[in-house]
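Next up is a structure, given as structure tokens.
The values are calculated or read from the model by the stated rules, or taken from the named source; none is laboratory data. Computed from a prediction, not measured in an experiment: that's the story for all the values here. When we count neighbours, we look across all protein chains shown, and the Cβ atoms used for this are built from the backbone with ideal geometry, even at glycine.
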Amino acid sequence: MIAKRIFILTGAGVSAESGLSTFRDTGGIWSRYKLEEVASIQGYENNPAFVLEFYNMRRNTHAGVEPNEAHIALGQLQTIWAERGGAVTICTQNVDNLHERGGALSVIHMHGEIAKARCHDCGGLAPYDGDLSPNMGCGACGRTGGMRPHVVWFGETPLYMDEIYEALSSADLFVSIGTSGNVYPAAGFVSAARAAGIPTMEINLEPSGNAEAFDLARYGKASEQVPAWVAEMVAIAG
Ligand code: OAD
């Protein structure tokens with residue numbers, strides 16, 4: 001099998017055609033909100049109600065969207081590779097659950113999951129699809145006022161980094177899909193892959209911020225480019 005172990009990094013572009021805003025494109029989330037106000041510890045401590053409301057709004061938007069052809073194709077690739085003795089790691093920066101709903105068997109959410117709530121005091125974590133408010137209590141430690149979305153804010157360390165670098169270092173193909181290549185550590189994965197001698201490819205609407213770091217590139221909509229690439233991989237693998 002060519003590329004027995006594939007590491008896939010996804011970003012907001014893979015969910016754009018499902019109707020979820022990207023961050024840095026024209027009209028994106030960071031053109032409407034100040035990142036430091038809604039996605040940093042400082043912003044949360046300054047105005048928890050405003051930050052929780054921002055994520056309540058996004059959680060509600062996420063509930064009304066469906067996976068697109070890109071999510072579905074990646075789910076199929078992961079399933080087919082697992083059946084044939086290979087492995088596809090899907091590592092996403094997205095806090096939505098569209099990969100899972102598109103059929104992915106397992107997903108690493110390095111920036112967290114918006115449909116979970118976490119206690120800022122004790123770390124207690126639970127699925128939560130309702131609105132969060134500053135006067136909610138934690139089911140685990142009982143303290144009030146610390147329930148926050150299970151998302152990584154700027155200044156916080158992304159999740160599962162050991163697992164991610166282990167999967168990346170044992171991969172034989174790295175593919176980055178729908179991400180601008182602006183946010184580290186994810187933006188550095190391509191360099192780590194290259195340093196390990198792993199071939200790299202990006203699939204994006206347009207050249208990303210670190211496009212020159214990739215060996216190969218395919219440009220266009222994720223809903224078209226990803227299924228086409230997956231079909232080629234499956235055909236080559238036989
Ligand atoms: P960005 O908004 O920075 O970049 C989205 C990328 O997707 C851009 O390069 C677009 O060209 C591309 N794109 C848009 N529509 C597409 C489509 N239909 N098909 C293919 N590509 C498309 O989003 P991310 O790179 O994911 O972090 O952002 C990374 C992180 O920055 C996010 O996880 C979030 C944000 O701040 C946190 O909140 C911690």
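Of the numbered conditions (1) within 16 Å of the chain's Cα centre (by Cα); (2) closer than 30 Å to Ile41 by Cβ; (3) surrounded by 13 or more Cβ atoms within 10 Å (Cβ to Cβ), Cys138 fails exactly one; give the number of that condition.
All conditions are met except number (1).
Tell me which of these Tyr184 doesn't satisfy, since it passes every other one: (1) of a type in the set (Ser, Thr, Tyr); (2) free of Cβ contacts under 8 Å to residues at least 12 places away in the same chain; (3) part of a strand (DSSP E or B).
(3)
Collect the residues in region 194-231 that are more than 9 Å from the ligand (Cβ to nearest atom) and aromatic (Phe, Trp, Tyr), keeping them in residue-number order.
Phe214, Trp229
Could you say whether any residue in region 87-104 is farther than 23 Å from Met57 by Cα, touching an Asp or Glu at 6+ places or on another chain (Cβ under 8 Å) and surrounded by fewer than 22 Cβ atoms within 10 Å (Cβ to Cβ)?
The answer is no; no qualifying residue exists.
Here's another thing I want to ask about it. Would you kindly identify the helices (runs of 4 or more DSSP H) lying entirely within region 1-101 that contain at least 1 residues that are farther than 29 Å from Asp162 by Cα, β-branched (Val, Ile, Thr) and more than 13 Å from the ligand (Cβ to nearest atom)?
Values: elements: 13-16, 29-32, 35-38, 41-46, 48-63, 69-83, 98-101.
Per the criteria, 48-63.
Considering only region 60-72, state which residues are surrounded by 23 or more Cβ atoms within 10 Å (Cβ to Cβ) and small (Gly, Ala, Ser).
Result: Ala70, single match.
Then there's this: Return the pair list, or none, for Cβ contacts closer than 6 Å from residues in region 59-77 that are without any contact (Cβ under 8 Å) to a residue 60 or more places away in the chain to residues that are buried (at least 18 other Cβ atoms within 10 Å of the Cβ) and assigned to a helix (DSSP H, G or I), at least 6 apart or on different chains.
Pro67/Leu98; His71/Leu98; His71/His99
Tell me, which residue of region 123-176 that is touching a Lys or Arg at 6+ places or on another chain (Cβ under 8 Å) and assigned to a loop (DSSP other than H, G, I, E, B) is nearest to the ligand (Cβ to nearest atom)?
Checking each candidate, the answer is Leu132.
So, in region 182-202, how many residues would count as being farther than 13 Å from Asp215 by Cα and either surrounded by 15 or more Cβ atoms within 10 Å (Cβ to Cβ) or not assigned by TED's automatic domain parsing to the domain that holds Tyr165 (or both)?
5
Tell me which of these Thr179 doesn't satisfy, since it passes every other one: (1) part of a loop (DSSP other than H, G, I, E, B); (2) modelled with pLDDT of 95 or more; (3) surrounded by fewer than 17 Cβ atoms within 10 Å (Cβ to Cβ).
Answer for Thr179: the failing condition is (3).
Looking at region 28-50, which of its residues are hydrophobic (A, V, I, L, M, F, W, C) and free of Cβ contacts under 8 Å to residues at least 40 places away in the same chain?
Of everything in region 28-50, those that are hydrophobic (A, V, I, L, M, F, W, C) and free of Cβ contacts under 8 Å to residues at least 40 places away in the same chain turn out to be Ile29, Trp30, Val38, Phe50.
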